[in-house]
1. As a test, work out the antiparallel percent of DSSP beta bridges whose residues both lie in segment 37-123, rounded to the nearest 5.
2. Got a sec? Charge dipole of the chain, +1 on Cβ for Lys and Arg, -1 for Asp and Glu; which of Thr60, Asn172, Ile229 is way out at the positive end?
3. Please report, for the Cα atoms of segment 228-310, the Rg to one decimal and the Dmax as a whole number; what are they, in angstrom?
4. Quick one: net charge around Tyr55, please, counting Lys, Arg +1 and Asp, Glu -1 for every other residue with C-beta under 10 Å from its C-beta.
5. Is segment 11-223 best put as rounded, prolate or oblate by its Cα gyration tensor, with a ≥ b ≥ c the root eigenvalues, rounded for a/c under 1.5, and otherwise prolate when a/b is larger than b/c, oblate when not?
6. Net charge within 10 Å of Gln224 by Cβ-Cβ distance, Lys/Arg positive one each and Asp/Glu negative one each, not counting Gln224 itself?
7. If you take the beta carbon distance between Gln264 and His192 as r and set R0 to 35 Å, what does 1/(1 + (r/R0)^6) give as a FRET efficiency, to the nearest 0.05?
8. If you consider only alpha-carbon coordinates, what radius of gyration and Dmax does segment 132-203 have, in Å?
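Every number in this text was worked out from the coordinates using simple rules, so none of it is lab data. Source: prediction; values computed, not measured. Glycine also receives a Cβ, built like all others from the backbone with ideal geometry; neighbour counts cover every protein chain displayed.
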Amino acid sequence: MRIPPFSTPGRFWRGNLHTHSDRSDGALGPEQVVEAYKRAGYDFLNLSDHFLGRYEWPITDTRAFRSNDFTTLIGAELHAMSTEVGELWHILAVGLPLDFPATRPGETGVELAERARAAGAFVAIAHPAWSQLRIGDGRALASAHAVEIYNHGCAVETDRGDGFYLLDQLCNEGRRLTAIATDDAHFRNGDHDAFGGFVEVKAQSLEPEALLAALKAGEFYASQGPRLIDVEVGRHEVTVACSPVDAIALVTGTSRAISRIGRQLTGATLEVGERTRQAWVDPGAIPWFRVVIIDAAGRRAWTNPIWVDQLDG
């Protein structure tokens, strides 16, 4: 069977969900940031300025910059105390109302995330490695839809851009989270922190409401550049079609993995071997897996976790 988002009606729209302007600590004005992403070939942007009192609680209104071929979502990066290491939470909220109330005195990050989700937002745990989040933090943020598994700004500035360690552990505990890649661009040193991580969202239109609904439904994949074209899952194999890459792999919640290595691969059918076949079809043994592709430059694209117990549905 073909799986979402590849089986979903519509087309893919490229967007960045995490970026800052001079409404908080970014170097460029909101219109300049939007224009930068338009020039780079993106279809949409969520401008996520830091929702803090020192910046006067910005929910940056980008509606004036929408057009027939580019749109914006309304959001922010929310903050409250405290993670297990005693630092501010960084919580990405996409699809907030413009009048979302300021963080209340004493409000925790967990409570703030719950309030954002109740207000209609798609909520993601931002840059887990940069924030040094522990598994307890992930468990506490039960209202999250997703984990930011790649943050380009954190990767190029501090080599802490990876969030899969947290996502995989939470999936192994049964949390059905999705995986987003973002920039977290501030444009303080040119565009070195921009255009390196994005989502490809499958929707029938570029309307903000359609994109937000698709994000919440997990109708997207994350990428640093490579393109996933299709993924089909059979009882004993997974078939992947993609842009040219040097590796196609299935990663699970255990050490088991299956991969095809080559040059300029545009697809592969990965068969589950006899020794792992029974484990593969048993949701109790391997309840989920994800597809990863890696191109010659080391750039990756990732599906969301695919849950075995949903494949027959």
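1. Details: 7 of 13 bridges.
Antiparallel bridges: around 55 percent, rounded to the nearest 5.
2. Ile229
3. Both quantities, over Cα of segment 228-310: 12.3, 36 Å.
4. Details: positive: Arg23, Arg54; negative: Asp22, Asp25, Asp49, Glu56.
Neighbourhood net charge equals -2.
5. Working: a/c = 1.35, a/b = 1.24, b/c = 1.09.
The shape class here is rounded.
6. Details: positive: Arg299, Arg300; negative: Asp295.
After counting each charged neighbour, the total is +1.
7. Values: r = 28 Å, r/R0 = 0.81.
With a Förster radius of 35 Å, E is 0.80.
8. 13.4, 41
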